[in-house]
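Here's the structure, in structure tokens; my notes come after.
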Amino acid sequence: MPACTQPVLPFGAYVMSIIKSMYKTGDRIQIGCKTGFKQSGNPYRICMSGRWTAFQFQCKGISCGVPPSINNGFKQFNSTGYNATVRYWCKNGFTLNDDKTKRCTAKKRWEKPTPKCLPDCKNPVILNAFVDNPKSKYASGDRVTFKCKKGYQSQGVPSALCFMGRWKSISFICIKKI
């Protein structure tokens, strides 16, 4: 009796059974879909007189759908299929609070929470004081430390936290030394 060679598989499929170079009549194999694909149809093939039975079976690429948009920012993506990536960035005056890229997973959803564009804080100003190690831009979560100018002494907590475009905990002043 004629034997069957390796079967021709649909795109995205693989043989789940033990792979042989030749199969005898009556041998049965099971086909599965690779990660990122969803199967539909009968996954079994049987070798019959040198030919494989031709049941309907296909592997369809999964999609995560259009990635979510973000306020005060932009997104760029070329595909919504498995392993595709989306890149986010913010308008001027805003900074991302998380990773700028997300990937489409085999579970048909975009990994990680969607990042947010949080407002930056303006340079903090305290009379007769300056920021130690100043930056050109302060994102939400940045902390600054103040120092008094020469001839002034500090009173209060010398630090502040940028949070959602505002400085928190500014209870610091510099008073003239007597």
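Readers should treat all values here as calculations from the given coordinates under stated rules, not as data from a laboratory. Just so you know, these numbers come straight off a predicted model, no measurement behind them. Reconstructed Cβ throughout: ideal geometry from the backbone, glycine too, with neighbour counts over all protein chains shown.
If Lys and Arg each add +1 and Asp and Glu each add -1, what is the summed charge of the other residues whose beta carbon sits under 11 Å from the beta carbon of residue 52?
On the way: positive: 28, 45, 51; negative: 27.
Surrounding charge for residue 52 is +2.
If amide hydrogens are placed 1.01 Å from N in the peptide plane, which non-local residues have theirs closer than 5 Å to the one on residue 37?
62
In a Gaussian network model over the chain where Cα atoms closer than 10 Å are linked, find which of 34, 24, 112 has the largest mean-square fluctuation.
Largest GNM mean-square fluctuation: 24.
What length, rounded to one decimal in nm, is gained on full extension from residue 89 through to residue 136, with 0.36 nm per residue of separation minus their alpha-carbon distance? Working shown, then result.
Working: separation 47, 0.36 × 47 = 16.92 nm, distance 1.85 nm.
Taking residue 89 through residue 136 to full extension adds about 15.1 nm, to one decimal.
Report the normalised scattering of region 7-54 as log10 I(q)/I(0) at q = 0.18 Å⁻¹, calculated by the Debye formula with identical scatterers on the alpha carbons.
Treating every Cα as an identical point scatterer, log10 I(q)/I(0) equals -0.53.
Quickly work out the residue 21-to-residue 74 label distance, labels modelled 7 Å from Cα along the C-beta direction, and quote it in nm with one decimal.
About 5.7 nm separates the two model spin labels.
With point charges of +1 on the Cβ of Lys and Arg and -1 on the Cβ of Asp and Glu, referenced to the Cα centre of the chain, which listed residue (148, 104, 84) lies farthest in the positive direction of the dipole?
Among 148, 104, 84, the one farthest towards the positive end of the dipole of the chain is 148.
Could you pull out the trypsin sites (Lys or Arg not before Pro) across region 79-144 that fall in loop regions by DSSP (anything but H, G, I, E, B) with no more than 16 other Cβ atoms inside 10 Å?
Values: sites: 87, 91, 100, 102, 103, 107, 108, 109, 116, 122, 135, 137, 143; in loops: 91, 100, 107, 108, 109, 116, 122, 135, 137.
Within region 79-144, the qualifying trypsin sites (Lys or Arg not before Pro) (loop, at most 16 other Cβ atoms within 10 Å) are 91, 100, 107, 108, 109, 122, 135, 137.
For region 85-178, calculate the relative contact order in percent as a whole number, restricting contacts to Cα pairs under 8 Å that are 6 or more residues apart.
Values: 189 pairs, mean separation 21.4, N = 94.
It comes to 23 percent, rounded to a whole number.
What nm distance separates the two modelled labels at residue 49 and residue 105, each placed 7 Å from Cα along Cα→Cβ?
Those two pseudo-labels are separated by 5.0 nm.
Counting Lys +1, Arg +1, Asp -1, Glu -1, what net charge surrounds residue 68 among other residues with beta carbon under 11 Å of its beta carbon?
+4
Among 86, 144, 125, whose mean-square fluctuation peaks in a Gaussian network model of the chain (Cα, cutoff 10 Å)?
125
Within 10 Å of each candidate Cβ there may be at most 11 other Cβ atoms; applying that plus a DSSP loop requirement, which chymotrypsin sites (Phe, Trp or Tyr not before Pro) in region 1-82 survive?
Numbers: sites: 11, 14, 23, 37, 44, 52, 55, 57, 74, 77, 82; in loops: 11, 55, 82.
Sites meeting the loop and neighbour criteria: 11.
May I ask for the percentage of alpha-carbon pairs in the chain that lie more than 21 Å from each other?
On the way: 10657 of 15753 pairs.
That fraction is 68 percent.
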